Amino acid sequence: MEINSQHSEVLYNQIEEAYGKVMYTYTTQVIHAGRLRGRNTILKWVQIILSAVSTGGFVATIVTNQILLTWISGVCSTVLLVLAAYFKETDLSTIHKNHLETSNKLWLLREQYLSLLTDFSALSVDEIISRRDDLQLRVAKIYDEAPLTDAKSYSLAQKALKENESQFFTRDELNKMLPESLRKSSSHK
């Protein structure tokens, strides 16, 4: 298939855009998973503390006959009941795991999009279109199965990518990770 330079540029831009979308979704899934893990850890500790206060309060009430301890224990027990009901309907550790699995699948596709962009000039138009179409189908399948994230996770991903450049390395950072024999100078591109 013959391709003119304008179509080649449009095709490249489309693949670049798809790469960006996958990068955002990948980063959002990772951030959302981390937020869920943090929330789960906090809530589990709250349960442990409330259980200790509740149990200790009832025991202390028996020993000291203090009405205030009964009230504190009762409030802690009620909050503990609410948390138990929440965890009955919501398994944060499973949801966290689903977000991580989605991000792992997206990581591979992100790398394949990057490879396609890298190889773009060395491939025929038919090969480029075939790879693009295959990647689009695979991304769609992952998106169909992906757990939803929220606006806060997306906002944090946006900040991580735009301001912190969290998915990219400077030449100096790469050099620190590479064996000395593979390092390049900062001016080498």
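Points worth noting:
- Any hit, segment 115-129, residues being more than 19 Å from Met23 (Cα to Cα), under 16 Å from the mean Cα position of the chain (by Cα) and surrounded by 12 or more Cβ atoms within 10 Å (Cβ to Cβ): no
- Taken across segment 161-184, residues that are at pLDDT 85 or above and over 16 Å from Gly20 (Cα atoms) do not occur at all.
- Residue within segment 56-69 that is out of contact with any Leu (no Cβ under 9 Å at 6 or more places or on another chain) and surrounded by 14 or more Cβ atoms within 10 Å (Cβ to Cβ) present: yes
- The lone criterion from (1) of a type in the set (Phe, Trp, Tyr); (2) closer than 23 Å to Phe120 by Cβ; (3) modelled with pLDDT under 80 left unmet by Tyr19 is number (3).
- Evaluation of Thr149 against (1) assigned to a loop (DSSP other than H, G, I, E, B); (2) under 24 Å from Leu11 (Cα atoms) (one fails), failing number: (2)
The values are calculated or read from the model by the stated rules, or taken from the named source; none is laboratory data. Nothing here was measured: the structure is a model prediction, and the numbers come from that model. When we count neighbours, we look across all protein chains shown, and the Cβ atoms used for this are built from the backbone with ideal geometry, even at glycine.
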